[in-house]
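The values are calculated or read from the model by the stated rules, or taken from the named source; none is laboratory data. Since the model is a prediction, treat every value here as computed from it, not as a measurement. Reconstructed Cβ throughout: ideal geometry from the backbone, glycine too, with neighbour counts over all protein chains shown. Ligands, DNA and RNA are excluded from the accessible area calculation, which covers all protein heavy atoms including side chains. Shrake-Rupley method; radii C 1.70, N 1.55, O 1.52, S 1.80 Å.
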Amino acid sequence: MTIIKQQAVSSQSHQKHLRDYINNDRKVLLREAQNMELCTDLKQWASFMAKTRASFGHDKSARKGKDGKPAKNTILYHQILAFLPDECDVNKGQLSPEDCMRYAKEYAEKHYPHQQIVFALHKEYCREDRTYRYAVHMVINRSDLSTGKRLAEGRGKQAKVERAKRVRALDKAWDLQQVEEGVSNSKVHKKQPSKIEKELALRGERSYKTNLRELCRLAAKKASSLYEYRELLESWGVSTDFRNGRMYAVDEDHKRFSFSVSRLDAALRIEHLEKNFTDTEGSVGMVDVAQIRQTYLDGLQASFLEYKQSVQNLKGADLSEFPKFRVDRPDERIAQDEQVKRALLAYWRGADELRYRMASNVPYSRKNPKSAARSDAAGSSYQVEKQNTLNVNKNRDQNSR
């Protein structure tokens, strides 16, 4: 899916750096504009847009800050449309630079028809993906030529979601890949290092978050199942838990901080991990596999009920006093069995959610009603899996009769 990002430009220094980047002929492959016909030299777009804002009175902030002084005045929006590397012709995809520019102009004409916009297409190297891709940078003047008002798309988080929906719809019209239906665009590419991590790298230092990310990646390469993946991380001093349907990783040396594994690296989402794990199922008769599977599932259910009963007396205790739910490693002949994997995930999630609901002094808990509702749903997921297992057994018995 095409990636959409936006930065608000509110300072002269930010605008200067953006102008230098957009006007750099060595990096720009294509340059276009919208509603800029009166600008005789497109490289003078910054001063031309400034005059437009001044004519509408948008060169000054319309509101005051908490201290009574004028608030920061956003003058431009810098949006970036970064195309999936597999879709670009540099990687034998279908999109040429001209196609990418047409896509960007179609996007702008539909959603910002009355804004002054400058487009600059770059060929960029994605270090984490180790490949090239095209990206169109759009400088959007905030003044709306038709209404004389400032462009306002609502609160930042909601506007971000709305822009992602727009791009997803346009991708569909252009028949571009949807990496995963319904997955937000920020999760498509590998997670880039944060600003702080980059600063540490420049000083020759490494953050514990960087180490945590690399350990999770290394475990994914070595493990052949999700069970083994968690075991490996635990042996390296990284504990994993499930909360609100997601897997979180905690460095035992920095227990105050918990990170969603999928946010550390998009390739570490559970669905992606399971696709990459090696299928180790042996050549054994179907009857034997069914028996081994059922014995294991029955054991899982009994272990969970025993665990649930054992932690009831710990309600209100510190999180560190709650034992983790431990299960036996599945036989290698059923380690990749879909029913077994679903059951393991369901019971793991149910047990972890139970711990976090009952424990006190959880360092990374969030008091959010919606999160609590998701937590309740995840905590009861083992019941759903239990019912599915019972239904499967019932159908099997009926068929045997």
Compute, for His114, the solvent-accessible surface of its heavy atoms (probe 1.4 Å) with the complete set of protein chains present, and express it in square angstrom to the nearest 10. 80
Alpha-carbon gyration tensor eigenvalues x 5, square-rooted, for the range 292-370, Å: 28, 14, 10
Based on the alpha-carbon gyration tensor of the range 84-150 and its eigenvalue square roots a ≥ b ≥ c, which shape applies: rounded if a/c is under 1.5, prolate if not and a/b is larger than b/c, or oblate? prolate
In square angstrom, rounded to the nearest 10, how much accessible surface does Trp236 have for a 1.4 Å probe? 90
Per-residue accessible area, 1.4 Å probe, largest first, puts Ser235, Ser258 in the order Ser235, Ser258
Viscosity 1.306 mPa s, temperature 10 °C: give me the Stokes-Einstein translational D for the range 54-178 in µm²/s, with Rh taken as the Kirkwood radius over C-alpha pairs. 97
Val250: net charge of surrounding residues, Cβ under 14 Å, Lys/Arg +1, Asp/Glu -1, itself excluded? +4
Using the Cα gyration tensor of the range 9-61, with a ≥ b ≥ c the square roots of its eigenvalues, what is the shape: rounded (a/c below 1.5), prolate (a/b larger than b/c) or oblate (neither)? oblate
Greater than 29 Å apart at Cα, pairs in Lys43/Lys157; Lys72/Lys123; Lys66/Lys160; Lys105/Lys160: Lys43/Lys157; Lys72/Lys123
What are the radius of gyration and Dmax of the range 213-270, computed over its Cα atoms and given in Å? 10.3, 30
